[in-house]
Amino acid sequence: MKPSKNISRRSFVAGAATIAGSAAVLHKLNAQVQKSGPDTADSTNAPVKTDKASLPQNLPPGEPGKDYNPVITPSGSTLPWKIVAGVKVYHLIAQEVANHEFAPGLVANCWGFNGQVHGPTIEAVEGDRVRIYVTNQLPAPTAIHWHGIFLPNGMDGVSGLTQKPIDPGDTFKYEFTLKQHGTHMYHSHHDEMTQMALGLMGLFVIHPRNPKGPQPERDFAFMLSEWKIIPGTSRPDPNEMTDFNVFTLNAKVFPAIAPMVARLGQHVRIRFSNLSAMDHHPMHLHGVNFKVTGTDGGQIPESAQQVETTVLVQVGSTRTIDFVADAPGDWPLHCHMTHHTMNQMGHGSPNLIGVDKTGFDKKLRKFIPAYMTMGETGMGDMGEMGMPAPKNSLPMVGGPGPFDYIAMGGMFTVLKVREDLPNYEDPGWYQHPPGTVADVASDEDLKRDGVQLPPSDGKTAAAARRFPLDPVCGTAGSIPLLAQRGAARSLSR
Ligand SMILES: [Cu+2]
């Protein structure tokens, strides 16, 4: 039975119901209308209708290794649980975490759970009954919301609306049955701006009970977030609205984020969740294409799964991607917003691009003998050169790589795909087969291919990058710091 296009679904269903005079018939017809296919205007606009009563009810606790392949939270952990009379029991302790290290050189006093920033990943299986205790050791009230999860309204964790705030010292109990699977989150829903800016969040991964189709052999999960930490200070500033300067994957910045390691040919899943205050993150993976298979709203139907190499993870959402790791190598995974792959000191520097520094450097060397201005061709060398920086701060860019310094920091890590792996420990840098690495073209190459070079000014890139031994480098903005360091050096010589 198919409604004609000129009868609205509502009038059609209502009319049919009157004739049949039965709620059961109404239900059946409704189902037929829902199924009537994309050729009716009504059905294309039909909202997602999840019949929650038909979702899995309490099932025996799902077991790792049997019901699912556990998720890996790089640089993070999974929250342990115990089973009490068929219920998975978890305990989160919201607390201040002193000296959380974002990368060597930058620590801050943040808020997290169970001694970690962010909190450990909660992992469970569709049909599990879960009981989650939340103890508040913070100096302020809090409440924990289970983002995207179907649950009774009073378990939703919204302070003031669905529950009393959890006062400092109190322990609340949340209990519900997981009726879905997917990548979800938990986070504070009390004084959200402050508490999330300080780190009160984590991942909540629910595996399918009876998975259909291929399941991932490597399953990684990342929480994306952003912070304002003024160099030299010890706490993130929750009042910042636009000018963030630390961008993290699982509350770490490159080079401190553990790489993802996979064997050639494995089915890999990466789950992204974003609880940044203000920024969406287009996450880009090199070397493969992937399908976006899920959101925090659930699994995406196969016919709607887009093939991508970048997925936009907007604030307050999750995106799950699946792919086959079919190319060996070290492949970057990073946010494609360029300021989000810079560390803290990339901010607020004067623009020195194109500045002729020769006279300036000469004058300044009278006071700071090894002084050298940097930044006139960009910031790529800033981290490597060890530009002076305030205490407790990170340079602009990343860390050492196999060929040179890697000029990316922040939301950047590496997927390491290898043919032979004894285990999933970091295998080190990729050893490229001979002849497969881009390098300086030989005269022979240029001649053979008739490549005409523009006239040279005699400078080579190598010469431009030749620094004085033990230089003291700076930008105009860093001269007060340089002066201290230079003076100290002059005295020590
Ligand atoms: Cu970003």
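Each value in this text was obtained by applying a stated rule to the coordinates, not by laboratory testing. Worth saying up front: this structure is predicted, and the values here are computed from it rather than measured. FYI the Cβ positions are ideal-geometry reconstructions off the backbone, even for glycines, and counts take in every protein chain you see.
With the gyration tensor restricted to C-alpha atoms of the stretch 132-284, the semi-axes of the equivalent ellipsoid amount to 28, 25, 12 Å, longest first. Label sites at Thr194 and Arg263, each approximated as a point 7 angstrom past Cα along Cα to Cβ, lie 5.1 nm apart. Residues of the stretch 411-454 with an amide N closer than 15 Å to a point placed 7 Å from the Cα of Glu217 along the Cα-to-Cβ direction: 416-425. Working note: Karplus 6.51/-1.76/1.60 with θ = phi - 60° gives the stretch 82-90 the couplings 10, 10, 10, 6, x, 10, 7, 10, 10 Hz, where Gly and Pro are set to x.
For the stretch 220-273 versus the stretch 424-458, the inter-centroid distance based on Cα atoms is 33 Å. Each Lys and Arg Cβ is given +1 and each Asp and Glu Cβ -1; about its Cα centre, the stretch 52-151 then shows a dipole of about 300 debye. Which FRET efficiency value, to the nearest 0.05, is calculated for Asn109 and Asp243 with the Förster distance at 22 angstrom and r the Cβ-Cβ distance? Approximately 0.60, to the nearest 0.05.
Kirkwood radius and radius of gyration were both taken over the C-alpha atoms of the stretch 150-236, and their ratio Rg/Rh is 1.05. At full extension, Asn153 and Glu419 could sit 90.9 nm farther apart than now, given 0.36 nm per residue minus the alpha carbon distance. Simple rule: put +1 on each Lys or Arg Cβ and -1 on each Asp or Glu Cβ in the stretch 295-365, find the dipole, and look at Ser349, Ile321, Cys335; the Cα lying farthest toward the positive end is Ser349.
Tell me which residues come under 5 Å, amide H to amide H, from Val261 once H is placed; ignore anything under 5 positions away on its chain. Excluding prolines and chain starts, which carry no amide H, the hits are Lys416.
Each residue of the stretch 226-242 is assigned a 3J(HN,Hα), and the resulting list reads 9, 9, 10, 10, 5, x, x, 9, 10, 9, x, 9, x, 8, 5, 10, 10 Hz, derived from the Karplus form 6.51 cos²θ - 1.76 cosθ + 1.60 (θ = phi - 60°), x at Gly and Pro.
Apply the a/c threshold of 1.5 to the C-alpha gyration tensor of the stretch 217-356 and tell me whether it is rounded, prolate or oblate. Prolate is the answer for the stretch 217-356, as a/c is 1.5 or above and a/b outweighs b/c. Quick check on the stretch 237-302: take the gyration tensor over C-alpha atoms, sort the square-rooted eigenvalues as a ≥ b ≥ c, and tell me if it's rounded (a/c under 1.5), prolate or oblate. Since a/c reaches 1.5 but b/c is at least a/b, the shape of the stretch 237-302 is classed as oblate. When the trypsin sites (Lys or Arg not before Pro) in the stretch 133-241 are filtered for DSSP coil states and for at most 15 other beta-carbon atoms within 10 Å of their beta-carbon, the remaining sites are Lys212.
Across the stretch 126-142, rounded Karplus estimates of 3J(HN,Hα) from the backbone phi angles (6.51 cos²θ - 1.76 cosθ + 1.60, θ = phi - 60°) give 2, x, 5, 8, 10, 10, 10, 8, 10, 9, 9, 9, 7, x, 10, x, 8 Hz, Gly and Pro being marked x. Using a simple spin-label model with pseudo-atoms 7 Å out from Cα toward Cβ, Thr162 and Asn289 lie 3.9 nm apart. I need the calculated FRET efficiency for the pair Arg209 and Lys366, taking r as the beta carbon distance and R₀ as 51 Å, to the nearest 0.05. Efficiency for this residue pair is about 0.10.
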